[in-house]
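The values are calculated or read from the model by the stated rules, or taken from the named source; none is laboratory data. The structure presented is a predicted model; accordingly, all values stated were derived computationally and were not measured. With ideal geometry, Cβ positions are generated from the backbone for all residues, glycine too; neighbour counts draw on all protein chains shown. Only protein heavy atoms, including side chains, enter the accessible area calculation; ligands, DNA and RNA are left aside. Shrake-Rupley method; radii C 1.70, N 1.55, O 1.52, S 1.80 Å.
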Amino acid sequence: MIRLIPVVLLSGASFLASGQEPSADTTGKLPEVVVKAYFSEQPLLRSPVSATIITASDLVDHSAQSLVSALNTAPGLRMEERSPGSYRLSIRGSLLRSPFGIRNVKMYIDEIPLTDAGGNTYLNSLDASAINNVTVLKGAEASIYGANTGGVILIPLFGAAADSVHLSASLAGGSFGYLHERIMAQRKWKDYQAELKQAYQRSDGYRQNSGLMRLYTQLNQQWRYAPKATLKALLLHSDLRYETPGGLTRAQAEQDPRMARPATATAPGAAEQQAGIYNNTLLGGLVNEIALGTQLRHVLAVSASYTDFKNPFITNYETRIEKTAGLRSYIEYHQPGNSWNWKANIGLETQRTSSDISNYVNVAGKKGDSQSRDKLTAAQSFLFGNLTADVGSSVVIQASLSYSFYAYRYRSLFPAPEPEHTRQLPGQFMPRLAAAWRFTDNLGWRLSISRGYSPPTTAEVRASDQIINTGLDAETGWNYETGIRFNSNNGRFYLDANTFDFALKNAIVRRVNATDAEYFINAGGTRQRGIEFYAISRIIADERNAGITGLQLKNSYTYSHFTFSNYISGDTDYSGNRLTGVPEHVLTTSVELNFLNSFSVFALHNFTSSLPLNDANNEYADKYNQIQLKLTWIHKKLKNRYHFETFGGIDNLLNESYSLGNDLNAFGGRYFNPAATTSFYAGLTIKL
C-alpha cells in the first residue's frame, strides 16, 4: 500500500495541473494565503510552519450545523461527532485520550486560550457560524503555545474588514428536527469596531436520545485608543445541551442503528438514564497591544472563564464547576534590514483552573445519593522565546524554545475527607528549529525538528472511575518533518505536501472497566509516520464557458502509518499493532462550480479507510465514502446594498452506513455510534 502513495499524489497533482484553474475574480488567481503563527505574518509559500488554513469561504461552503466536514478537509486533522454536539478532534494522532471532548490540542481565540489549564477544550460551545476562519498548526510545532503534542488551532477574533455597518440574519432547517438561526451585527467607526453574534441551534438527532440545543452569544470589540495602541475584548456565553445515545455493538448497530444503548442485565440504558451533557460556559478576555517606539511591541492578554458542567451517564451523575484565570504576555523586538531582517519574542503564559467535581447515583436523569466529591486545581505555566530571521529574500529561519511547568493539587471531600496533596510534574523544555527555502518565486522547501510535551488532563487524572490517578505521566516526543509548497506561474494551482516522523513516549490511552467506568494508563509509546498532501486548482475562472464562470477543485490526502511501540499490557504485547482509532488513508475531494446569475454548486467527497477499534486490532470499523452537496443562489439589489442568499444541501448522499466517531477500547464491544442516513437542509440569509 505504501508504494501506491506516490502514484496517488502524482496523479492528483497532474490532474489538477492539467486544468489550469478558476476563480470569482477577473484574474483567476488564487488569493495569496498568509499564515499568522509564531508572531509573524508570512506567505504560506515561504513559511517554515506546518499549517493549513480553512478560510471563511471554505466554512461557508459547508453546512453551519457542524464544523466537522470543513475541518476534516485539512490533511492530518480528524474531527468526529458521535451525535450532534459531541465533538472529538485530533491532529496527527488518535482519539485514545478523548472518550468525549477535545484533549491534547491547544486552541486560542486571538491571544485568549479556549483551552483551560486542565487541558480540556469546549469547542462545541462555539457556534460554527460564529467562526471567521481557522488556522491549524500541526504536530509538535507549537512550543510557544504551551504543552501539547498534537497541535494548535488559532481562531481570529475579527474576520476581514467589513463595511462600516453590516447586518445579516440566517435561518436554516432540515432533517431530524434541525433548526439554526443566526444574527450578526457589526459597526465600524474610525477607531472602534464592535461585532455582536447571536445563534440558536437545535436538533432531534438521528438516533434515540441524541437531541441538541445551543443558545450562543458573542460580543467582540476593538478600540484603537492611541495611534500605536489597540485594545480588543471578547465576551461569549454558550448554553449547550445535548443527549448522548451511547455506543452499540456491531450486531445492535446492524439491527437498529437508530437505537440508543439498550439496558443490560447489570445496567440501565442511555435513554432510561437520560444520558447527556449540559454545559453552561462564560468566557471573557482582554488583549492589549501597544507599540513602544518603532521596533518594540508589547502584547498582554488576560482571560477568565466559568463552566457549569453536568453529565448524567449510565452509571452515575457527574457535576463540575470549573473556574479558569489566565494571562499571556510577550514583548517583541523587530530589527528590519535589507539582507538580514529578524524578529525576537519572549514572554510567558500562565493558567489556573479550579474544578469542583461531584458524583451521584443517576436516578433516571436525576441526582441521587452522593458517591464522591473531589477538588482539583490544575496550574500550567510556560516561558517561551522565538526568533524569526529572514536571510535575504529566499531563506526564513525560526528557532523557538519554551519551558513548561505543570502541577495539580487534589483533595477528597467525600466520602472520606482527606488533606490536600500536590503533584508537580518535572519541568520540560520544548525546542523547535525550522527553516524554509524559496528556490524560485513558485517553489519552497521547509523542514523542522521539534519536541512536544503533553501532561495528563484533569479528566484523565480524575476519570469517571472516581479515582485520582497520581501515577499518570506526561507524553513526550520528537517530531521530524519536511515538505514542499508550489504555486504555479499563473497563480491558479497550489500544492502543499509534507512527510513527518513522530516518536511518542508514555502515550496516554483509555481503558474501561467492567462497570463501564473509564480510566487511563501510560502505554509505552507510539511511532507516527505520515504523509499529507493538499492541492487547490482553479480550472475555469470568469471565462463564461457554457454559462460556467468558475470551477475550483481541492484535494486533501492523509496517509497515517501509526503503530504502538514497547506497549505491554498484562501478558499481552501490543507492540507493532496499528494505533487505535486512526485510519491509514483519508482522501477528500471538493468541487465548486459557479454559474451565471450567482448560482453555485459545491460537492465534497470524503473517503476514510477502515480503522482499528481496540489496541488488540481484532475489531475494525469499515471504510466509508461520504458525499455532501450544497446549492447556493445569491441575489443582490439596490446597488448591491441588499444581499439575499438561498441555499440547500444534502448530507450522506450515498446513504452510507458508517460511524462518525467510535468508542475506542469499549467494554463489551460497544464501539459503534451510527451516523445519520441521507439528510437534507435548506435556508435563507439576508445581508444589509
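Can you find a residue in the range 428-443 that is charged (D, E, K, R), in contact (Cβ under 8 Å) with a residue 12 or more places away in the chain and over 30 Å from LEU45 (Cβ atoms)? Looking for residues that are charged (D, E, K, R), in contact (Cβ under 8 Å) with a residue 12 or more places away in the chain and over 30 Å from LEU45 (Cβ atoms), one finds none in the range 428-443, hence no. Scanning the range 631-668 for residues that are of a type in the set (Ser, Thr, Tyr) and surrounded by 13 or more Cβ atoms within 10 Å (Cβ to Cβ) turns up THR632, THR646, SER657, TYR658, SER659. When the strands (runs of 3 or more DSSP E) confined to the range 1-88 are screened for residues that are at pLDDT 75 or above, among the aliphatic types (A, V, I, L, M) and within 18 Å of VAL152 (Cβ to Cβ), those reaching at least 2 such residues are found at 34-37, 51-54, 77-81. Considering only the range 47-85, state which residues are over 18 Å from VAL105 (Cα atoms) and open to solvent by 30 Å² or more (accessible area, probe 1.4 Å). Those that are over 18 Å from VAL105 (Cα atoms) and open to solvent by 30 Å² or more (accessible area, probe 1.4 Å): THR55, ALA56, SER57, VAL60, ALA64, GLN65, ARG82, PRO84.
Let's see how each residue does on (1) touching a residue at least 60 places away in the same chain (Cβ under 8 Å); (2) crowded, with 21+ Cβ neighbours inside 10 Å:
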| site | (1), (2) |
| --- | --- |
| SER488 | yes, no |
| GLY491 | yes, no |
| THR499 | no, no |
| VAL512 | yes, no |
| GLY550 | yes, yes |
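A quick yes/no check of all residues on (1) open to solvent by 40 Å² or more (accessible area, probe 1.4 Å); (2) in a strand (DSSP E or B):
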site: THR264; (1), (2): yes, no
site: THR281; (1), (2): no, yes
site: LEU286; (1), (2): yes, yes
site: ARG297; (1), (2): yes, yes
site: ILE314; (1), (2): no, no
site: GLU322; (1), (2): no, yes
site: SER329; (1), (2): no, yes
site: TRP342; (1), (2): yes, yes
site: LEU348; (1), (2): yes, yes
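Return only the number of the condition from (1) open to solvent by 10 Å² or more (accessible area, probe 1.4 Å); (2) under 32 Å from the mean Cα position of the chain (by Cα) that VAL363 does not satisfy. It fails just one condition, (2).
Looking at the range 231-245, which of its residues are in a strand (DSSP E or B), farther than 30 Å from LYS190 by Cα and either touching an Asp or Glu at 6+ places or on another chain (Cβ under 9 Å) or open to solvent by 10 Å² or more (accessible area, probe 1.4 Å) (or both)? Selection gives SER238, ASP239, ARG241, TYR242, GLU243. Condition (residue is open to solvent by less than 50 Å² (accessible area, probe 1.4 Å), more than 16 Å from SER129 (Cα to Cα), touching a residue at least 40 places away in the same chain (Cβ under 8 Å) and touching a helix residue (DSSP H, G or I) at 6+ places or on another chain (Cβ under 6 Å)) applied to the range 246-253: is it met by at least one residue? Looking through the range 246-253, at least one residue is open to solvent by less than 50 Å² (accessible area, probe 1.4 Å), more than 16 Å from SER129 (Cα to Cα), touching a residue at least 40 places away in the same chain (Cβ under 8 Å) and touching a helix residue (DSSP H, G or I) at 6+ places or on another chain (Cβ under 6 Å).
Within the range 210-225, the set of residues being open to solvent by 10 Å² or more (accessible area, probe 1.4 Å) and over 18 Å from ILE109 (Cβ atoms) comprises GLY211, LEU212, MET213, LEU215, ARG224, TYR225.
I'd like to know if the range 618-629 contains one or more residues that are of a type in the set (Phe, Trp, Tyr), part of a strand (DSSP E or B) and open to solvent by less than 40 Å² (accessible area, probe 1.4 Å). Show your work before the answer.
First, pick out the residues of the range 618-629 that are of a type in the set (Phe, Trp, Tyr): 620, 624.
Those left that are additionally part of a strand (DSSP E or B): 620, 624.
From what's left, open to solvent by less than 40 Å² (accessible area, probe 1.4 Å): 624.
Yes: the range 618-629 contains one or more residues that are of a type in the set (Phe, Trp, Tyr), part of a strand (DSSP E or B) and open to solvent by less than 40 Å² (accessible area, probe 1.4 Å).
So which residues in the range 639-665 are under 24 Å from the mean Cα position of the chain (by Cα), within 30 Å of ALA514 (Cα to Cα) and part of a loop (DSSP other than H, G, I, E, B)? Residues satisfying the conditions are TYR658, LEU660, GLY661, ASN662, ASP663, LEU664, ASN665.
Just checking, does the range 185-200 include any residue being surrounded by 15 or more Cβ atoms within 10 Å (Cβ to Cβ), of a type outside the set (Phe, Trp, Tyr) and outside any strand (DSSP E or B)? No; the residues of the range 185-200 include none that is surrounded by 15 or more Cβ atoms within 10 Å (Cβ to Cβ), of a type outside the set (Phe, Trp, Tyr) and outside any strand (DSSP E or B). Pairs meeting the criteria (first residue in the range 205-230 and part of a strand (DSSP E or B), second residue open to solvent by less than 60 Å² (accessible area, probe 1.4 Å) and among the basic types (Lys, Arg), beta carbons under 6 Å, at least 6 apart or on different chains) are GLN218/LYS197; GLN222/LYS232.
So, in the range 470-486, exactly how many residues are within 30 Å of ALA416 (Cβ to Cβ) and either open to solvent by 30 Å² or more (accessible area, probe 1.4 Å) or without any contact (Cβ under 8 Å) to a residue 12 or more places away in the chain (or both)? The qualifying residues number 3. Residues that are open to solvent by 20 Å² or more (accessible area, probe 1.4 Å) and not hydrophobic (A, V, I, L, M, F, W, C) were ranked within the range 675-688; the one that is farthest from ARG78 (Cα to Cα) is LYS687.
Results for (1) under 30 Å from ARG320 (Cα atoms); (2) buried (at least 23 other Cβ atoms within 10 Å of the Cβ), shown as yes or no for each residue.
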{"position": "GLY101", "(1), (2)": "yes, no"}
{"position": "ALA130", "(1), (2)": "yes, no"}
{"position": "VAL134", "(1), (2)": "yes, no"}
{"position": "SER143", "(1), (2)": "yes, yes"}
{"position": "THR149", "(1), (2)": "yes, yes"}
{"position": "LEU171", "(1), (2)": "no, no"}
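In the range 103-123, the residues that are part of a loop (DSSP other than H, G, I, E, B) form Cβ pairs under 9 Å with partners that are hydrophobic (A, V, I, L, M, F, W, C) and open to solvent by 20 Å² or more (accessible area, probe 1.4 Å), at six or more places apart or across chains, as follows: ASP110/LEU154; ASP110/PHE158; GLU111/LEU300; ALA117/ALA325; ALA117/ALA379; TYR122/LEU114.
Of all the residues that make up the range 558-574, how many are surrounded by fewer than 20 Cβ atoms within 10 Å (Cβ to Cβ) and either modelled with pLDDT under 95 or among the polar types (S, T, N, Q) (or both)? Give the steps one after another, and end with the answer.
First pass over the range 558-574, keeping only residues surrounded by fewer than 20 Cβ atoms within 10 Å (Cβ to Cβ): 561, 563, 565-566, 568-573.
Checking which are either modelled with pLDDT under 95 or among the polar types (S, T, N, Q) (or both) leaves us with 563, 565-566, 568-573.
Total satisfying the criteria: 9.
Here's a check for you: in the range 580-606, which residue that is farther than 17 Å from ALA74 by Cβ, open to solvent by 40 Å² or more (accessible area, probe 1.4 Å) and of a type in the set (A, V, I, L, M, F, W, C) is farthest from the chain's Cα centre (by Cα)? If we take residues in the range 580-606 being farther than 17 Å from ALA74 by Cβ, open to solvent by 40 Å² or more (accessible area, probe 1.4 Å) and of a type in the set (A, V, I, L, M, F, W, C), then LEU596 is farthest from the chain's Cα centre (by Cα). Annotation note: of ASN522, ASN555, ASN577, the sole residue that is in contact (Cβ under 8 Å) with a residue 40 or more places away in the chain, in contact with a helix residue (DSSP H, G or I) (Cβ under 6 Å, 6 or more places away or on another chain) and open to solvent by 20 Å² or more (accessible area, probe 1.4 Å) is ASN555.
Quick check on the range 327-336. Is at least one of its residues at pLDDT 95 or above and closer than 19 Å to ALA378 by Cβ?
Going through the range 327-336, the residues at pLDDT 95 or above turn out to be 327-333.
Filter once more, so that each one left must be closer than 19 Å to ALA378 by Cβ: 327-328.
Scanning the range 327-336 turns up at least one residue that is at pLDDT 95 or above and closer than 19 Å to ALA378 by Cβ.
Criterion applied to SER63, SER69 was being more than 17 Å from ARG438 (Cα to Cα), hydroxyl-bearing (Ser, Thr, Tyr) and touching a His at 6+ places or on another chain (Cβ under 6 Å), and the one residue passing it is SER69. Count of the range 280-331 residues, restricted to those that are hydrophobic (A, V, I, L, M, F, W, C), in contact with an Asp or Glu (Cβ under 6 Å, 6 or more places away or on another chain) and without any contact (Cβ under 8 Å) to a residue 60 or more places away in the chain, is 1.
Listed conditions (1) within 22 Å of LEU664 (Cβ to Cβ); (2) crowded, with 17+ Cβ neighbours inside 10 Å; (3) among the aliphatic types (A, V, I, L, M) are all met by ILE467, apart from (2).
Here the range 398-441 is the region considered, the condition is being of a type in the set (A, V, I, L, M) and farther than 23 Å from PRO455 by Cβ, and the residue that is most open to solvent (accessible area, probe 1.4 Å) is LEU433.
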